[in-house]
């Protein structure tokens, strides 16, 4: 009986973590849109990463905690490059250049890519059921975002979003591969501080501080995207990766663009089309199949 209760509690905690992650990341899209009205993308992404990394360090660091820098510095630098400089930086640029639907479809190709990479790199199984689930989830995102696929599309935005998705997939698999030597909060702190510093420096050179308008809207967008969309969300994300298979953890983020559309409808008065119901059904079916275990 005690074992059953313990299992139920673990499942409850896992579900809560997934819900919090989806809400944090999906609501961050609106915050980024707000912040980009006052700040260019590279500077915004860099400042967001620095603030998020510093916030994580403030409550995660403990006296005597070791970075194991001599053995882990190559991994930290690679994670900073993949998850922050490439993914976070290019994601912000893509959100500026593309319609929301197209950006969501391209950026959230990441779960499919993670499932594919986890097969040869981590030795995770890639069964027909799991592959079908990943494809159904992606089809759901395409369906939900169909209205965003019409109109003029910036080719450079498409390329930027695809590179961001690939970088995030490699970063996710790398965390899982190196999990024995990494400490979750330390990993998040180090990679975001390093990557944020690099992005901020790049933004100062390419964009310049004169492009920033220090208005209240910037502080709201920057603060929310940093503390909720970065510190909280990435802590949850790494917890999910370390708790199970990388491909299954990645599959949960299919809910993010779906939730973002709902938030946009409520807060931004955006139109909700009949395709939303079809897309939602495909997303749920995909996640069920990806997380289905063999007997």
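Some notes on this structure:
- For the range 63-72, residues that are in contact with a helix residue (DSSP H, G or I) (Cβ under 9 Å, 6 or more places away or on another chain) and either at pLDDT 70 or above or assigned to a loop (DSSP other than H, G, I, E, B) (or both) total 6.
- Taken residue by residue, the range 34-49 has at least one member that is at pLDDT below 90 and farther than 22 Å from residue 111 by Cα.
- Residue list for the range 113-123, restricted to those being at pLDDT below 75 and either surrounded by 19 or more Cβ atoms within 10 Å (Cβ to Cβ) or part of a loop (DSSP other than H, G, I, E, B) (or both): 115, 118, 123
- Tabulated pairs, the range 199-222, first at positive phi and surrounded by fewer than 17 Cβ atoms within 10 Å (Cβ to Cβ), second modelled with pLDDT of 90 or more and not in a helix (DSSP H, G or I), C-beta under 9 angstrom, 6+ apart or interchain: 208/40
- The lone exception for residue 126 - which of (1) assigned to a helix (DSSP H, G or I); (2) over 18 Å from the mean Cα position of the chain (by Cα); (3) modelled with pLDDT under 80; (4) closer than 15 Å to residue 287 by Cα it fails: (1)
- Residues of the range 223-234 that are surrounded by 23 or more Cβ atoms within 10 Å (Cβ to Cβ) and over 10 Å from the mean Cα position of the chain (by Cα): 225, 226, 231.
- Candidates in the range 4-31 are the residues that are under 30 Å from residue 213 (Cα atoms) and either over 13 Å from the mean Cα position of the chain (by Cα) or outside any helix (DSSP H, G or I) (or both); of these, the one that is modelled with the lowest pLDDT is 30.
- When the test is whether a residue is under 28 Å from residue 119 (Cα atoms) and modelled with pLDDT of 85 or more, residue 230 passes it.
The values are calculated or read from the model by the stated rules, or taken from the named source; none is laboratory data. Since the model is a prediction, treat every value here as computed from it, not as a measurement. Note that we place each Cβ from the backbone using ideal geometry, even for glycine, and neighbour counts take in every protein chain shown.
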